[in-house]
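Written below as structure tokens is the structure these notes are about.
The values are calculated or read from the model by the stated rules, or taken from the named source; none is laboratory data. As the structure is a prediction and not an experimental result, all values here were calculated from the model. Reconstructed Cβ throughout: ideal geometry from the backbone, glycine too, with neighbour counts over all protein chains shown.
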Amino acid sequence: MILEQIPVQTMLGTVVGIDEQHRVCDVEIDEGYVLYGVRLTPVDSSPCYMVPTKGSWVVVASIENSESLYVVVMTSRIDTLVADIGGATLEIREGKATIRGGEYGGIVKVGELVGRLNTLEQALNDLKQILTSWTPATGDGGAALKTAVTDWAAARLTETKRENIENENITHG
């Protein structure tokens, strides 16, 4: 029959071993039949690749109908994703995303930052209100102003700590 003469182009298997440094994995196609050194990328220098989770299902394709050269084209689960798109790099590994190397640290938690800015802005607005509503009184030597400003100054602001506004799970550079 003609179908038996057509080479198999793709196979379904389970990842049984991973060598991320060399960007290859071992895939068990049938019980006891393992394809060793299945590529994670079509070429070694590819700036984009995914590392499947050990035990996950993968679709393996033959490269140019070779019986010894295969590449992973799809996986049911991944542990790591690395992509370089036009010089913008993204790496997702162990629950953390790194964009452009991550040297700038974590992404700002906008809600936390806005809350802290609002607190600071309200404190400044309170001080402005105290200063603009104060009227000098003859003979008090500024005692009324000092009392108003002292009460305002007693309400101390909490200093912002990096961990209060940084999401360390997403770093950027």
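Remarks
- Among residues that are loosely packed, with under 13 Cβ neighbours inside 10 Å, more than 30 Å from residue 56 (Cβ to Cβ), basic (Lys, Arg) and touching a residue at least 12 places away in the same chain (Cβ under 8 Å), residue 116 is not included.
- Of everything listed in (1) aliphatic (A, V, I, L, M); (2) in contact with a Ser or Thr (Cβ under 9 Å, 6 or more places away or on another chain); (3) closer than 30 Å to residue 47 by Cβ, the single unmet condition for residue 157 is (3).
- Flag if residue 54 is within 21 Å of residue 16 (Cβ to Cβ) and of a type outside the set (S, T, N, Q): yes
- Of the residues examined, residue 77 is not one that is basic (Lys, Arg) and in contact with a His (Cβ under 8 Å, 6 or more places away or on another chain).
- Segment 49-93, residues that are modelled with pLDDT of 90 or more and among the acidic types (Asp, Glu): 79, 84, 91
- Matching entry among 26, 44 (being of a type in the set (Asp, Glu) and under 27 Å from the mean Cα position of the chain (by Cα)): 44
- Among residues of segment 126-145 that are at pLDDT below 85, those with a beta-carbon under 9 Å from a residue that is exposed (fewer than 11 other Cβ atoms within 10 Å of the Cβ) at least six positions away or on a different chain give the pairs 137/143; 142/136; 144/135; 144/136; 145/136.
- The set of residues in segment 148-159 that are in a helix (DSSP H, G or I) and either of a type outside the set (Val, Ile, Thr) or surrounded by 11 or more Cβ atoms within 10 Å (Cβ to Cβ) (or both) comprises 148, 149, 151, 152, 153, 154.
- Some residue of segment 39-48 being surrounded by 13 or more Cβ atoms within 10 Å (Cβ to Cβ), at pLDDT 95 or above and among the small types (Gly, Ala, Ser): no
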